[in-house]
């Protein structure tokens, strides 16, 4: 669980992993470079470095993010939510950028997501077309990419989640921030780096509104156990 100055969802993620899923988890300070004993690195939401310059711009050049390159190259999984997604784009792990919401307002609300790609470690337990409900909380969540990049994302099946209606229809009205193609989450070509604007850690207990976010964590755990990496820890 990476912590930057200004991070604010790290404790929520830590709680879900340790208290809900009962899995080992530790905090990693943004200046650390040692990721050798980890199966997955989480870049949580917040306002890293106060969102100076652009959201995620400074964090994307921090020592721990630099160490992620070798971690990812060796097959390690990375999950970036909200500010974490912005950081992954700024650092070049994922294409495109997260820009100011089309409405020019900060949006904190529940959203529906339709699952487009179930061939990643994070979505292997889901069904194509399945609709999940998770909250968003951001002012810069409008996904943008050049037309050629969008074509590549679709051709390579890198679009994982799209904002949709409760019955799975991808419509303009269901898009809370103006993201191109209603994109809410994407992966790298290898599938081991996922960035999404919604907060799965805030949809992990029925007492706070739902448990759809747990499905991502459970899918990842299943993937780690299946390939044997988790059992070696």
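Summary table
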| read-out | value |
| --- | --- |
| Options 64, 41, 58, 78: the member that is in contact with a strand residue (DSSP E or B) (Cβ under 6 Å, 6 or more places away or on another chain) and more than 22 Å from residue 184 (Cβ to Cβ) | 64 |
| Residues of segment 3-18 classified as crowded, with 18+ Cβ neighbours inside 10 Å and either in contact with a strand residue (DSSP E or B) (Cβ under 7 Å, 6 or more places away or on another chain) or part of a loop (DSSP other than H, G, I, E, B) (or both), total | 6 |
| Leading residue by the ranking (nearest to residue 148 (Cα to Cα)) among those in segment 90-110 that are more than 14 Å from the chain's Cα centre (by Cα) and assigned to a strand (DSSP E or B) | 99 |
| Single match in 21, 43 (criterion: more than 27 Å from residue 139 (Cβ to Cβ) and surrounded by 12 or more Cβ atoms within 10 Å (Cβ to Cβ)) | 21 |
| Filter result for residue 62 (buried (at least 19 other Cβ atoms within 10 Å of the Cβ), at pLDDT below 95 and out of contact with any helix residue (DSSP H, G or I) (no Cβ under 6 Å at 6 or more places or on another chain)) | yes |
| Which listed residue is buried (at least 16 other Cβ atoms within 10 Å of the Cβ) and part of a loop (DSSP other than H, G, I, E, B), from 35, 113, 79 | 35 |
| Odd one out for residue 171 among (1) at pLDDT 95 or above; (2) surrounded by 14 or more Cβ atoms within 10 Å (Cβ to Cβ); (3) touching a strand residue (DSSP E or B) at 6+ places or on another chain (Cβ under 9 Å) | (2) |
| Residue within segment 119-126 that is modelled with pLDDT of 95 or more, more than 20 Å from residue 78 (Cα to Cα), crowded, with 20+ Cβ neighbours inside 10 Å and in contact with a strand residue (DSSP E or B) (Cβ under 9 Å, 6 or more places away or on another chain) present | no |
| Residue list for segment 82-94, restricted to those being more than 23 Å from residue 39 (Cβ to Cβ) and surrounded by fewer than 17 Cβ atoms within 10 Å (Cβ to Cβ) | none |
| Count of residues meeting criterion [assigned to a loop (DSSP other than H, G, I, E, B) and under 25 Å from residue 108 (Cβ atoms)] in segment 38-58 | 10 |
| Condition check for residue 101: touching a strand residue (DSSP E or B) at 6+ places or on another chain (Cβ under 7 Å), touching a residue at least 24 places away in the same chain (Cβ under 8 Å) and under 18 Å from residue 181 (Cα atoms) | yes |
| For residue 56: the one exception among (1) without any contact (Cβ under 8 Å) to a residue 12 or more places away in the chain; (2) in contact with a helix residue (DSSP H, G or I) (Cβ under 6 Å, 6 or more places away or on another chain) | (1) |
| Those residues of segment 146-168 which are more than 17 Å from the chain's Cα centre (by Cα), crowded, with 18+ Cβ neighbours inside 10 Å and within 16 Å of residue 94 (Cα to Cα), in sequence order | 150 |
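The values are calculated or read from the model by the stated rules, or taken from the named source; none is laboratory data. It should be emphasised that the depicted structure is a prediction, and the values quoted were computed from it without experimental measurement. Here Cβ is always computed from backbone atoms with ideal geometry, including for glycine, and neighbour counts include all displayed protein chains.
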